[in-house]
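The structure appears below as structure tokens.
Each reported figure results from applying straightforward, stated rules to the coordinates on display, with no laboratory input. Only a predicted model underlies this, so the values are computations on that prediction, with no experimental measurement involved. Every residue, glycine among them, receives a Cβ derived from its backbone with ideal geometry; neighbour counts consider all protein chains shown.
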Amino acid sequence: MEVFGLWVAAALTLCIYSFLYRDNPFYRFAEHLFVGISVGYGIVIAIHQGVIPLAWEPLSEAFGGLWIEIAGDVTPESRQALWGLFRIIPVCIGLLFFARLSPNYAWLIRYPIAILIGFGAGAAIPNVLQANIFKQTQGTVAPFVTIHTADPASWVGTVGAVLMVIGVIITISYFLISVEQRDSFKWLSIIGIGLGSWGFAFVIADSITNDGLTATEIVGSILMVLGLLGTGYYFVSSVEQRNTFKWLPIAGISLLIIGFIVIYGNTIWNGNLTPWEVFSAVLIVIGVFCTLTYFFFSVEHRGAIQWTSKIGIGFLMIGFGAAFGNTVMGRLALMIHRVGFLINDWLGSIVALFG
Amino acid sequence: MLERFMNMDRRIIFLLIALVVIIPTLIPVRLRITVSEPTQKLYDYIEALPSGSNIMLAFDYGPSSLAEPEPMAKAVMQHCFSKGINVIGMTLFPSTVTLADKLMKKIADENNAVYGEDYVFLGYRPGTLPVILGMGTNIANVFDKDYQDTPLSDIPLMANVKNYDQISLLLDLASSSTTETWIIYANTKYDLKIAAGVTAVIIAQMYPYLQTGQLVGMMPGYLGAAEYEKLLNAPGDGTVGLNTASFAHLLIIGLVILGNIAFFIQRRKEA
């Protein structure tokens, strides 16, 4: 029987590969056979591993228990089996899928679909957010946190962090030009920058008291923040202001780079991170930022944004290339497996037969 | 000459690929294998587990993609049995039930492992999400019996295994996005440690999970199987497959380079 199976498998493998020469009836036969057997086998397994143990057996036992209950011959087992009657509810909900076959009752299919979607969405949303958004964002930022070893539970640090977040939100709201800017908005920037500065001071103070940041790292951080503020200010300012402060983006980016070198040069020097780890972390952040910029269609892709999105396309293409390369490797693996089967198992059995 | 090359019958390429696959299969060549970090991490994690720990193997691939996950399953199960780690098998794919059952029996026999004491195969239950979430509360609520219809309460191995709390690692042998589903539901909700043994097609999308630590390790395709076999010092199907694949990759790289050169020459001529 095993030898017969080997010959069938070998013949079907050759039928499938015959398509490489050209389309032919042998290939079509094997293809249709594969699809048919897959579906048939799947249904049988679903009945034996799903319907029978999850629905049929518990319901049979429950109805048996119910019969004993009616007959008045109650046992603990028959009482326990009665719980199986609750399975009628999911079974009935599942059976509503077949209402689709009746034009008059087709609307009933909405209920099982609604339950499925509701369950799926309820289970998925918090977990997908946690696994694919929060954890991934954390993973992108995590290498940069390696330099900051201050106690996260410290109240000084927490207050500082909260003040900085509030400051950032208020300051950003000042630049929200989609809504009418009244005089009161001008105060927002002052309050925001003030809160942000105090928050920054708190975090730095906390880091110093907890030996979290060295003097070099603090200097580097300040340079980077100044660089970011300078560059950011240039991009949000008016055309007249840009003409006045043409030097601002160059100075800002220079400060950013110097600050970065100061911080991470020190980190590498101290052995907290290897140069390769710093390079990888920076590359990931640049990749994420540029790729997201490419998909940011709310602004016109011109100037700096155009260049950033072009770099994003580069990252995307590298990603697609890696996926394509791996796909080729995967397809080859399938072929190697089948060739191994034909040579070692099938031809091997023939050689063994005559040898 | 260039014209003939550009219009070459694609069946010549198929023939060349067939030759570079058949020849190394007939005349095995042993190439040097270096172990990558994701595979090393998985090996180290299993190596550090004490004897008597439980590992769950999810056979989440179909018959059409078993070439890569099967050598991985063999290598990991061999490692587990040699260290006295229990293996609990299950699948989210209906078409894999008999394949996985047969494979587990074969590897167990080779390693003198006893069913019910060293390993168990739970089988398949429909509905990916309810299965993964349900096992987090109580495995017996989802699989009240194993694949051989034995109640879980009668299986010695399962006596102390109630839910994911008693599972040290889930290794998902996958050919599709099931690893992500395990991460999203079992890792995020129940903090179950997850590793992946994936077909080459989905390697790229697994790397972000490795970087964040949501995957403790990964075996990437034939390469991963071969690397794991090297760590065990037991060359098997993964090593043979990788050696053969290397020649095919060389041919494909050569063809890509030739195709590009021909394309640019032709474009220059047309200009």
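Can you figure out the FRET efficiency of A:Glu77 with B:Gln40, using R₀ = 51 Å and their beta-carbon distance, to the nearest 0.05?
Computed FRET efficiency for A:Glu77 and B:Gln40 comes out at 0.45.
Could you tell me whether the range A:2-101 comes out rounded, prolate or oblate from its Cα gyration tensor? Rule is a ≥ b ≥ c as square roots of the eigenvalues, rounded for a/c under 1.5, then prolate if a/b exceeds b/c, otherwise oblate.
Working: a/c = 6.55, a/b = 2.82, b/c = 2.32.
Note, shape of the range A:2-101 comes out prolate.
Take the Cβ-Cβ distance between B:Glu110 and B:Gln266 as r, set R0 to 56 Å, and report the resulting FRET efficiency rounded to the nearest 0.05.
The pair B:Glu110/B:Gln266 has a calculated efficiency of 0.50.
Report the per residue volume, in Å³, of the convex hull enclosing the C-alpha atoms of the range A:294-355.
Taking only Cα atoms, the range A:294-355 has a hull volume of 57 Å³ per residue.
Report the Stokes-Einstein translational diffusion coefficient (µm² s⁻¹, integer) for chain B, Rh taken as the Kirkwood radius over Cα pairs, at 20 °C with viscosity 1.002 mPa s. Walk me through the intermediate numbers first.
Numbers: Rh = 20.1 Å.
It diffuses with D of about 107 µm²/s by this estimate.
Based on the Cβ-Cβ distance from A:Glu69 to A:Ala121, what FRET efficiency comes out when R0 is 45 Å, to the nearest 0.05?
0.70
What per residue convex hull volume, in Å³, do the alpha-carbon atoms of the range B:1-155 yield?
Taking only Cα atoms, the range B:1-155 has a hull volume of 195 Å³ per residue.
Output the direction-averaged projected area (hull surface divided by four) of the convex hull of the alpha-carbon atoms of the protein assembly as shown, in nm².
Its average projected convex-hull area is 43.3 nm².
Go ahead and collect, in residue order, the members of the range B:19-47 whose backbone nitrogen is under 16 Å from a label point 7 Å along the Cα-Cβ direction of B:Ser82.
Within reach of a label on B:Ser82: B:35, B:40-47.
Hey, rough spin-label estimate for A:Ile16 and A:Tyr233, points 7 angstrom out along Cα→Cβ, what's it come to in nanometres?
Distance between the two pseudo-spin positions: 6.6 nm.
Where in the range A:29-131 are there chymotrypsin sites (Phe, Trp or Tyr not before Pro) that are in a DSSP coil and have at most 15 other Cβ atoms within 10 angstrom of their Cβ?
Here the chymotrypsin sites (Phe, Trp or Tyr not before Pro) that fit, given the DSSP loop and packing criteria, are A:Tyr105.
Taking the Cα centre of each part, how many Å lie between the range A:311-355 and the range B:125-166?
Centre-to-centre distance over Cα atoms comes out at 35 Å.
Enter the mean number of other protein chain beta carbons within 10 Å of the beta carbon of each residue in B:250-259, as an integer.
Taking the mean over all residues of the peptide, I get 1.
Which value at 222 nm does chain B reach when only helices count, each DSSP H run of 4 or more adding -39,500 (n - 2.57), with the total divided by all residues and rounded to the nearest 500 deg cm²/dmol? All intermediate terms of the calculation are to be shown ahead of the outcome.
Details: 11 runs with 132 residues, N = 271.
Helix contribution divided over all residues of chain B: -15000 deg cm²/dmol.
Through the Karplus equation 6.51 cos²θ - 1.76 cosθ + 1.60, θ set to phi - 60°, convert the phi angles of the range B:11-28 into ³J(HN,Hα) values in whole Hz; use x for Gly and Pro.
Using θ = phi - 60°, the values come out as 5, 5, 5, 4, 5, 4, 4, 4, 5, 6, 8, 6, 4, x, 6, 6, 10, x Hz.
With a 10 Å cut-off between alpha carbons and a GNM built on chain B, which of B:Ile22, B:Ile12, B:Ile139 moves the most?
Maximum among the listed residues: B:Ile12.
Identify the residues of the range B:228-271 with backbone N under 17 Å of a label point that sits 7 angstrom from the Cα of B:Leu2 along the Cα-to-Cβ direction, or state none.
Only B:257-271 pass the distance filter.
Given the options B:Phe93, B:Phe247, B:Phe143, state which has the largest fluctuation in a GNM of chain B using a 10 Å cut-off (strictly under) for Cα springs.
For chain B, modelled as a Gaussian network with Cα springs under 10 Å, the answer is B:Phe247.
Kindly provide the trypsin sites (Lys or Arg not before Pro) of the range A:263-355 that DSSP labels as loop, not H, G, I, E or B, and whose Cβ sees at most 12 other Cβ atoms within 10 Å. Show your work: numbers first, answer last.
Values: sites: A:Arg302, A:Lys310, A:Arg331, A:Arg338; in loops: A:Arg302.
Those satisfying the criteria are A:Arg302.
Which trypsin sites (Lys or Arg not before Pro) does the range A:1-106 hold that lie in a coil by DSSP with at most 16 other beta carbons within 10 Å?
Numbers: sites: A:Arg22, A:Arg28, A:Arg79, A:Arg87, A:Arg100; in loops: A:Arg22.
Answer by residue number: A:Arg22.
Counting only other chains, what is the mean number of Cβ atoms within 10 angstrom of the Cβ of each residue in peptide A:335-344?
For peptide A:335-344, the averaged partner shielding equals 6.
Can you bin the range B:136-225 into rounded, prolate or oblate? Criterion: square roots of the alpha carbon gyration tensor eigenvalues sorted a ≥ b ≥ c, rounded for a/c under 1.5, prolate for a/b above b/c, oblate for the rest.
Taking the square roots of the gyration eigenvalues as a ≥ b ≥ c, the range B:136-225 is prolate.
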